[in-house]
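The values are calculated or read from the model by the stated rules, or taken from the named source; none is laboratory data. Keep in mind that this is a model prediction, so the values were computed, not measured. Cβ atoms come from the backbone with ideal geometry, glycine included; neighbour counts cover every protein chain shown.
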């Protein structure tokens, strides 16, 4: 049996973007053993994915941090005797893993001058493309064509039951209508202003009689508390108290999800939730949501180059110019 290793990327959203690659590989190799190497914080993205047989966690800054631990990890991979590796991660170190693990066929982009570590080194595209297509292009170079570029995130009945219990414990009855707002983002310039989320939440609660659920990671608890403090109506705040799969199930069961460009936003679309995506400095052409969910992308042309990575931007006008009323209108249309 052929054994295939996919050496994945490091960010939640990017790992979601890699799921069409896993599906295409499975369709091209129905009986192969397909494993995916991923860092620990992204492991849950691939849990329950039917297109892979195995998830291998590489904890580069944890248990695999030392040289000895890395050597043991490489030995572990060697024993698995993979036949092929597809290196989605652009770094030299990830290509080195496939090389040192003695995987005979290793395919990836020639980024970071790492061609000598690959058996099939692909020139990086000379034009910008969506991250999904960037990953799928690696397979295309090997003659593997994807039939579907939708991202996927798989939840099971247990996830749904746990999500329902969390909602119940927070005063939301089964089949009661609610909207999720996910205010976090991995850097400040991508965040819609807290006061806008608060205004939106109040409008949905007061006009449409909807419960408002604020979600996010543990690091977003302060942000969620700040939004709640600005609201006239009391939201349900479950920030930092769910797993990714529970969060995905809560999003899927909601009437709509409102989020800036973030990993949870991509999960929302991947599970088929109605989603209003608020974009500012990042490009929806490059990292926009792609999935089964009905999606509206809101982004304003404010004269800046997009994508923009100016961390010290003083006005963040690309996000401020999207008003709560505009987002509210799109949510109501979803309803």
Determine whether the range 174-183 contains at least one residue that is closer than 19 Å to residue 160 by Cα and free of Cβ contacts under 8 Å to residues at least 24 places away in the same chain. yes
Among (1) farther than 18 Å from residue 267 by Cβ; (2) modelled with pLDDT under 95, the one test that residue 97 misses: (2)
Out of 270, 217, report the one residue that is surrounded by fewer than 23 Cβ atoms within 10 Å (Cβ to Cβ) and either closer than 27 Å to residue 282 by Cα or touching a helix residue (DSSP H, G or I) at 6+ places or on another chain (Cβ under 6 Å) (or both). 217
Determine which member of the set 160, 112, 127 is at pLDDT 95 or above and surrounded by fewer than 18 Cβ atoms within 10 Å (Cβ to Cβ). 160
Residues that are modelled with pLDDT of 95 or more and closer than 15 Å to residue 286 by Cα, drawn from the range 11-26: 14, 15, 16, 17, 18
Unique residue being more than 23 Å from residue 49 (Cβ to Cβ) and out of contact with any strand residue (DSSP E or B) (no Cβ under 7 Å at 6 or more places or on another chain) when the list is 272, 291, 263, 303: 303
Qualifying helices (runs of 4 or more DSSP H) (wholly inside the range 222-335; at least 2 residues being at pLDDT below 90): 317-320
Residue 185: passes all of (1) out of contact with any helix residue (DSSP H, G or I) (no Cβ under 8 Å at 6 or more places or on another chain); (2) surrounded by fewer than 20 Cβ atoms within 10 Å (Cβ to Cβ); (3) not in a helix (DSSP H, G or I) but (2)
For the range 238-263, enumerate the residues that are buried (at least 19 other Cβ atoms within 10 Å of the Cβ) and over 19 Å from the mean Cα position of the chain (by Cα). 238
Index of the failed condition, residue 206 passing every other in (1) in a helix (DSSP H, G or I); (2) farther than 20 Å from residue 264 by Cα; (3) touching a residue at least 40 places away in the same chain (Cβ under 8 Å): (3)
Among the residues of the range 145-176, what is the count of those that are in a loop (DSSP other than H, G, I, E, B) and touching a strand residue (DSSP E or B) at 6+ places or on another chain (Cβ under 9 Å)? 4
Check off (1) more than 23 Å from residue 146 (Cα to Cα); (2) surrounded by 14 or more Cβ atoms within 10 Å (Cβ to Cβ) for residue 24 and give me the number that stays unchecked. (1)
